[in-house]
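See below for the structure under consideration.
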Amino acid sequence: MAGLAVPTWDPETAALIGAILLEAIVLYVGYGGLERLLGPYLTTLLLGGESDAQ
Amino acid sequence: MLSSVLGGGGVLGTSPEMLALFVGFGLVVGVLFGFFGMGGSFLVTPALLMLEYPAPVAVGSGMAFVFGTAVIATLKHHDLGQVDYKLGVIMITGTTIGIEAGRTIVYYLESLGLAGGIISIAYVVLLGGVGAMVTRDALKSDGGGGVDHEAADKDLSEYEVPEIAKTIQETVRIPPMVTLRGDVRVSAWVITAVAFATGLLSGFLGVGGGFIRMPAMIYAIGVPVPVAVGTDLFEIVFSGGLGSYLYGQGGGVDLGIVAPLLFGSALGARIGSAATAVVDADGIKVYFGGMLLIGAIAVGIGEVGSYLGSPPLELLGLVLVIGAAVVVALAIVYTTVSSLRETRRQGTAAAD
């Protein structure tokens with residue numbers, strides 16, 4: 001944890017942390033899209049086809 | 001050792017074997033992080049140290065990974081309406097001041113040559129104490145922490161406020177009073193005091209502090225469990241981001257480690273945070289308490305190994321922590337699938 005240590009401006013480090021933030025957002029959106037696309041199929045697979053009963 | 005065996009060409013200076021290892025490990029940590037709102041820092045950093053990464057890289061990359069995972073999990077909890085931003089902002093302020101106070105105590109103890117021993121003992125006592133309290137409470141309240149199939153539809157105001165939190169809410173009514181999600185009304189001073197105390201412990205122990213903050217929000221403030229998880233993640237975005245930046249300035253953040261870990265954990269966090277809406281709160285507390293207890297034992301074994309100069313004991317401590325993480329992550333997935341199957345079966349029976 002960082003506490004009250006005051007960071008100085010460093011463009012290279014800011015870009016690095018920005019890249020991690022960007023990757024996190026892209027992964028959130030990307031996995032969200034995959035979940036919507038494949039979610040129903042995976043649910044059926046995990047529940048052993050019981051969803052067909054509905 | 002292991003890193004040299006798995007070494008070779010790859011992406012971002014990391015071999016394909018190491019990339020696969022990091023993605024798999026990230027998946028496990030992601031499930032725990034999304035489910036409990038904690039568990040990244042004390043799993044990733046020791047694993048990176050075992051892979052013979054230098055300590056600043058292990059700590060810095062571990063923190064950057066926690067930051068990335070917290071961003072993803074916070075977005076998910078935000079979508080589920082489980083982040084209290086008002087509580088989060090007050091908590092960030094109190095925690096930051098507490099962390100600095102904790103660090104001051106560490107430096108003072110360091111000057112006396114007592115820091116290492118006292119911190120290890122405090123770690124074991126705290127993990128063990130919180131773990132025992134949470135497990136006992138969960139087992140007592142619901143006959144073994146079973147699955148509540150209506151948990152997904154449960155309104156936040158329907159969550160039971162622990163007795164200790166009720167007493168604090170009724171006794172300490174110093175203005176300004178703050179209304180939180182789940183219709184919890186509490187003095188801002190209580191939140192600040194809890195934040196400061198948890199920040200103090202966090203700074204003293206040198207950890208992210210989710211395992212302290214989350215029970216503190218539940219038991220001292222009376223916040224519903226899902227909101228405690230979501231708000232804790234929101235706080236970790238800020239503390240983890242600042243910490244990563246500071247370590248990154250010293251070259252301590254390796255994107256070749258963080259990127260694959262995040263790739264796996266993003267999927268795991270999605271599974272873990274979705275599971276919180278399916279699995280009962282008491283079920284969550286049983287897992288959480290059990291993992292803290294195993295963590296306490298593992299840290300104790302690791303410390304004894306370090307004291308006796310016994311690498312096998314140190315390794316056992318680490319294997320215990322990682323093994324517990326894998327087992328608990330599998331238990332979460334299993335309970336979630338079982339719960340969904342049971343709900344589906346009941347729905348089918350009712351339709352018949």
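The values are calculated or read from the model by the stated rules, or taken from the named source; none is laboratory data. Note that the structure is a prediction, hence the values are computed from the model and not measured. Here the Cβ is made from the backbone with ideal geometry for all residues, glycine too, and neighbour counts use every protein chain on show. Surface areas here come from the heavy atoms of the whole protein model, side chains and all, with no ligands, DNA or RNA. Shrake-Rupley method; radii C 1.70, N 1.55, O 1.52, S 1.80 Å.
For the reader, a short list of remarks on this structure follows.
- Exercise: per-residue mean of other protein chain Cβ atoms within 10 Å, B:242-254: 5
- Distance (nanometres) between label positions extended 7 Å along Cα→Cβ at A:Leu37 and B:Gln346: 3.4 nm
- Residue-averaged beta-carbon neighbours from other chains (10 angstrom radius) around B:197-205: 1
- Extended-chain gain in nm, criterion 0.36 nm per residue less alpha-carbon gap, A:Leu46 and A:Val29: 3.8 nm
- Between B:Val178 and B:Val186, B:Ser187, B:Ala188, the built amide H atoms are under 5 Å apart, and every one of these is 5 or more places off in sequence or on another chain.
- Leaving ligands and nucleic acids aside, the B/A contact buries around 3400 square angstrom of accessible area in total at a 1.4 Å probe radius.
- Separation in nanometres of the label points that stand 7 Å from Cα toward Cβ, at B:Ser306 and B:Leu80: 3.4 nm
- Using every pair of distinct Cα positions in the range B:2-347, the Kirkwood expression returns a hydrodynamic radius of 20.5 angstrom.
- Chain B - mean residue ellipticity at 222 nm from DSSP helices (-39,500 (n - 2.57) per run, n ≥ 4, rounded to 500): -26000 deg cm²/dmol
- By average C-beta atoms within 10 angstrom, highest first, the peptides B:70-77, B:193-200: B:70-77, B:193-200
- Inter-chain shielding of B:266-274 (mean C-beta neighbours from other protein chains, 10 Å cut-off): 3
- FRET efficiency for the B:Ala132 to B:Thr179 pair, using the beta carbon distance and R₀ = 51 Å, is estimated at 0.95.
- Toward the positive end of the charge dipole of chain B, with +1 on the Cβ of Lys and Arg and -1 on the Cβ of Asp and Glu, the farthest Cα among B:Thr93, B:Gly182, B:Val172 is that of B:Thr93.
- Solvent-accessible area per residue, Å², over chain B with all protein chains present [probe radius 1.4 Å]: 41 Å²
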